[in-house]
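The next block holds one structure in the form of structure tokens; read it before the comments.
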Amino acid sequence: MKLLALGLLLMMSFSVLAQPSDRIIGGYPCQPSSRPYQAALVTGRRGNWNIYCGGSLVNECWVLSAAHCRPRRGMKVCLGKQDLKRVESTEQCLDIAEVKVHPEYNRAQNNKDYMLLRLRPCARITDAVRPVELTPDCPNGGEQCTVSGWGTIQSPQAKLPNILQCADVNVVPREQCNRAYRGAVTSYMMCAGVQEGGTDSCQGDSGGPLTCGGKLEGVVSWGTYVCAQKGNPGVYAKVCCIVPWIQQTIGNRLY
């Protein structure tokens, strides 16, 4: 079982991906500003950022990510980014003022893998930086969704793209996914992938958004030891069931 934070990548050995790709596994470069809620938890400096995890802007002051992506001292949250290795006029790279991990997060089970980050200063809302819509309605099996991030595109060695990558996946019914993962998928998780394999999120994409119909439905969380394997879809922390917790934590200031 793998967690998808890039910080864990160097502590693991990986088999070669069955279907290597030159993008987020089986994906394509996202259109610039097409995912204005996409956040990047980064280290480094402007014009040369290094990805740690992803996230989603849920209002001008808060980003939702995965609990296992708990940030290190000095990390920034970048919004409005397309290319991590270029200075871009649309970017806003902000400090982390507060970390709120879900109080019932269970690291051993990867359950309730949610974390909210308060930004300092708050983001300026622009065409390239805008909160994602949340919904209490959970997605249906077979629904098409998109996952995005700057995570590794090959294994065992990490190969990180500069450009934000997107991949189209379908929601997998929980019963089917639970068979693949021997009962490890809880009611706070959902699965998404493609039947034939070859398309998936991977290390470094953790915490990033899975959106369905323009609404945030999942947070990249965990999956198999090797990404994009047939019969083993990616596992996401389900967002629809924690909207009240988000609202309570950030003071009901949702868009």
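The values are calculated or read from the model by the stated rules, or taken from the named source; none is laboratory data. All values derive from a computational prediction rather than experimental measurement. Methodologically, a virtual Cβ is constructed for each residue, glycine included, from the backbone with ideal geometry; neighbour enumeration extends over all protein chains shown. For the accessible areas, the whole protein counts, side chains as well, though only heavy atoms, and no ligand, DNA or RNA atoms are used. Shrake-Rupley method; radii C 1.70, N 1.55, O 1.52, S 1.80 Å.
Please identify, among ILE125, ILE163, ILE51, the residue showing maximal mean-square fluctuation in a Gaussian network model of the chain using a 10 angstrom Cα cutoff.
ILE125
Among the trypsin sites (Lys or Arg not before Pro) in region 145-216, which ones are in a DSSP loop with at most 16 other Cβ atoms within 10 Å of the Cβ? Mind listing them? Before the final figure, lay out the partial values.
Working: sites: LYS159, ARG174, ARG179, ARG182, LYS215; in loops: LYS159, ARG182.
Loop-located and lightly packed - LYS159, ARG182.
Please flag any cysteine in the chain that has no other cysteine's Cβ under 4.7 angstrom from its own Cβ.
CYS241
On the principal axes of its Cα set, how long, how wide and how thick is the chain? Give whole Å, largest value first.
44, 37, 31
With a Förster radius of 45 Å, plug the Cβ-Cβ distance of CYS241 and GLU88 into 1/(1 + (r/R0)^6) and report the FRET value to the nearest 0.05. Don't jump to the answer; show the numbers that get you there.
Numbers: r = 35 Å, r/R0 = 0.77.
Calculated value: 0.80.
Quick one: accessible area per residue over the chain, 1.4 Å probe, rounded to a whole number of Å²?
Averaged over the residues of the chain, the accessible area is 43 Å².
Where q = 0.18 Å⁻¹, what log10 of I(q)/I(0) comes from the Debye formula for region 67-141, counting one point per Cα?
Normalising to I(0) and taking log10 leaves -0.94.
Report in % the part of the accessible area of the chain that belongs to carbon and sulfur, leaving out ligands and nucleic acids; probe 1.4 Å.
Carbon with sulfur: 45 percent of the solvent-accessible area.
Antiparallel DSSP bridges in the chain: what percent, to the nearest 5?
So the antiparallel bridges in the chain amount to around 95 percent.
Which one of SER201, SER148, SER187 has the biggest mean-square fluctuation once the chain is modelled by GNM with Cα springs under 10 Å?
Top of the fluctuation ranking is SER187.
Rolling a 1.4 angstrom probe over the protein chains, ignoring ligands and nucleic acids, what is the accessible area of THR126 in square angstrom, nearest 10?
The accessible area of THR126 comes to roughly 40 Å².
Which lysines have a Cα less than 30 Å from the Cα of LYS112, not counting those fewer than 8 places away in the same chain?
LYS2, LYS76, LYS81, LYS100, LYS159, LYS215, LYS230, LYS238
Below 8 Å between Cα atoms, with a sequence gap of 6+, how large is the relative contact order for region 42-115 in percent?
30
Considering only LEU64, LEU119, LEU79, give the residue with the highest GNM mean-square fluctuation for the chain, with springs between Cα atoms whenever their separation is below 10 Å.
Looking only at LEU64, LEU119, LEU79, the biggest GNM fluctuation is shown by LEU119.
Please report Rg over Rh for region 164-253, where both radii come from the alpha carbon positions and Rh follows the Kirkwood definition.
That ratio is 0.98, to two decimals.
With the Cα gyration tensor of region 99-208 in hand, give its eigenvalues times 5 under a square root as the equivalent ellipsoid semi-axes, listed largest first in whole angstrom.
Gyration-tensor ellipsoid for region 99-208: 24, 20, 16 Å.
Give, as a single signed number, the net charge of other residues whose beta carbon lies under 15 Å from the beta carbon of ARG73, with Lys and Arg counted +1 and Asp and Glu -1. Don't jump to the answer; show the numbers that get you there.
Working: positive: ARG70, ARG72, LYS76, ARG120; negative: ASP95, GLU98.
Summing Lys/Arg as +1 and Asp/Glu as -1 gives +2.
Filter the GluC sites (Glu not before Pro) in region 60-153 to those in DSSP coil with at most 12 other Cβ atoms within 10 Å of their Cβ, and list the result.
Sites meeting the loop and neighbour criteria: GLU104.
Within region 161-255, which GluC sites (Glu not before Pro) sit in a loop by DSSP and count at most 13 neighbouring Cβ atoms inside 10 Å?
Counting only loop positions with at most 13 other Cβ atoms within 10 Å, the GluC sites (Glu not before Pro) in region 161-255 are GLU196.
Over all distinct Cα pairs, what is the inverse of the mean 1/r for region 114-170, reported as the Kirkwood hydrodynamic radius in Å? Don't skip to the end; give the middle numbers.
On the way: mean 1/r = 0.0667 Å⁻¹.
This gives a value of 15.0 Å.
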